[in-house]
Amino acid sequence: MNWINSVVRPRIRNILRKKDMPDNLWVKCPETGQMIYYKDLEANQFVVPGSNYHMRMSGPARLKSVFDNGKFAAIHLPEVPTDPLKFRDERRYTDRLKDARGKTGLNDAVLAGIGKLNGDTVVAAVQDFDFMGGSLGTAAGEAVIAAMRAALVRKAPFILFAASGGARMQEGILSLMQMPRTTVAVEELREAKLPYVVVLTHPTTGGVTASYAMLGDIHIAEPGALIGFAGPRVIEQTIREQLPNGFQRSEYLHAHGMVDMVVHRHELRGTLARICSLLTHRRLGHDIEIAPVAEVAADGAQPALPAPEDKPRPGNGLAADHEGEGEGEQNDDEALTKAPGNGANQLPPQNA
């Protein structure tokens, strides 16, 4: 009888028990309290239809929404020490990293990829706020630098989607050192005259705002995003004054000249494509050498102009678009998108 009560009956109850509703089946809008079906929210690019509230997007979902047909190749990110300071507060830092990796499927807060945007090659990096608040640590800094240098190799525009609470306190001074290191990488893009476009999402604060997130050629903000160094509450407590409504929000910063434009998520991809095309073509136009006009000979015959030099086209990190392209390009692509040994963003080319 004990075997029947302890084994058989619980198994029968488990079989007949009604399945519980998944926790993420319905999502509540933080502003209006509206309940929306998750699949409908996902199809609407995580914008609540009624209030137009822009909810957070994961790194892979963000890259899929940017690249043509949702396809991109993940960039090989360098390995870094997991816990250089052996930090522990209420929990071990290694345990926090393990939980964040299990939650997001990423090795750290930054995911980077190479793909096409309206047919042009671009490199994009995304900070995933679900990974420890998108905090800037050694791995995240190395990922941003690796993505920027991938853009240098491809001579392609670089797009950064910033979302962070600031530096990662568990890595101390090593985290703060990523601010000047990423600034140097931004300067390399600038010297190469490559477009650097920053999309500021909710929230972008702390050391990220104080470094590479505010050094772009063009700054785009999503509606309602909180952007600043210190939070409004900290500022109010420091200066002991009431802040104006909407302080540090996208619309307030745009009105005061801190960002170039506020763009709805549904229009973001088209805006990025136009900006990258404009800046890239302008750069290439300056690099083109105009051939000298050939002088007409006395007999009226015009000498032949020298044949233009054949230059290999840069790769895009994906499969070759045309047959007969050089092997060097394919090797460069493999070097940039090779699956890293530390498990960083080991994702195959993503399909929508």
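The values are calculated or read from the model by the stated rules, or taken from the named source; none is laboratory data. Please read these numbers as outputs of a predicted model, since none were measured by experiment. Don't worry about glycine lacking a Cβ; one is built from the backbone with ideal geometry, like all the others, and counts go over all protein chains shown. Areas reflect the complete protein model, heavy atoms only, side chains present, ligands, DNA and RNA absent. Shrake-Rupley method; radii C 1.70, N 1.55, O 1.52, S 1.80 Å.
Annotations
- Residue in region 130-142 that is in a strand (DSSP E or B), closer than 15 Å to residue 168 by Cβ and open to solvent by 10 Å² or more (accessible area, probe 1.4 Å) present: no
- Count of region 23-48 residues, restricted to those that are exposed (fewer than 14 other Cβ atoms within 10 Å of the Cβ) and assigned to a loop (DSSP other than H, G, I, E, B), is 7.
- Residues located in region 136-172, provided they are of a type in the set (Ser, Thr, Tyr) and within 17 Å of residue 214 (Cβ to Cβ): 164
- Inside region 65-89, residues that are among the acidic types (Asp, Glu) and open to solvent by less than 50 Å² (accessible area, probe 1.4 Å) make up a count of 2.
- Those helices (runs of 4 or more DSSP H) of region 145-241 in which at least 2 residues are crowded, with 16+ Cβ neighbours inside 10 Å, considering only elements entirely within it, cover 172-176, 178-191, 206-209.
- Checked against the criterion of being open to solvent by 70 Å² or more (accessible area, probe 1.4 Å), among the basic types (Lys, Arg) and modelled with pLDDT of 90 or more, the candidates 265, 274, 282 yield just one match: 274.
- Close pairs (6 angstrom Cβ cut-off, 6 or more residues apart or separate chains): touching a residue at least 24 places away in the same chain (Cβ under 8 Å) in region 254-265, assigned to a helix (DSSP H, G or I) and among the hydrophobic types (A, V, I, L, M, F, W, C) anywhere: 259/253
Residues are listed down the side, and each one gets a yes or a no for (1) part of a loop (DSSP other than H, G, I, E, B); (2) of a type in the set (Val, Ile, Thr); (3) out of contact with any Cys (no Cβ under 9 Å at 6 or more places or on another chain):
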| position | (1), (2), (3) |
| --- | --- |
| 50 | yes, no, no |
| 61 | no, no, yes |
| 65 | no, no, yes |
| 81 | yes, no, yes |
| 95 | no, no, yes |
| 101 | no, no, yes |
| 108 | yes, no, yes |
| 116 | no, no, yes |
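- Residue that is modelled with pLDDT under 90 and on the phi < 0 side of the Ramachandran plot, where the choices are 107, 24, 44: 24
- Total residues in region 137-159 satisfying the condition of being hydrophobic (A, V, I, L, M, F, W, C), more than 14 Å from residue 74 (Cα to Cα) and more than 13 Å from the chain's Cα centre (by Cα): the figure is 4.
- For region 90-108, taking the residues that are closer than 21 Å to residue 173 by Cα and without any contact (Cβ under 8 Å) to a residue 60 or more places away in the chain, the one that is surrounded by the most Cβ atoms within 10 Å (Cβ to Cβ) is identified as 97.
- Count of region 49-64 residues which are crowded, with 17+ Cβ neighbours inside 10 Å and over 18 Å from the mean Cα position of the chain (by Cα): 1
- Checked against (1) open to solvent by 50 Å² or more (accessible area, probe 1.4 Å); (2) at pLDDT 90 or above; (3) polar (S, T, N, Q), residue 2 passes all but condition (2).
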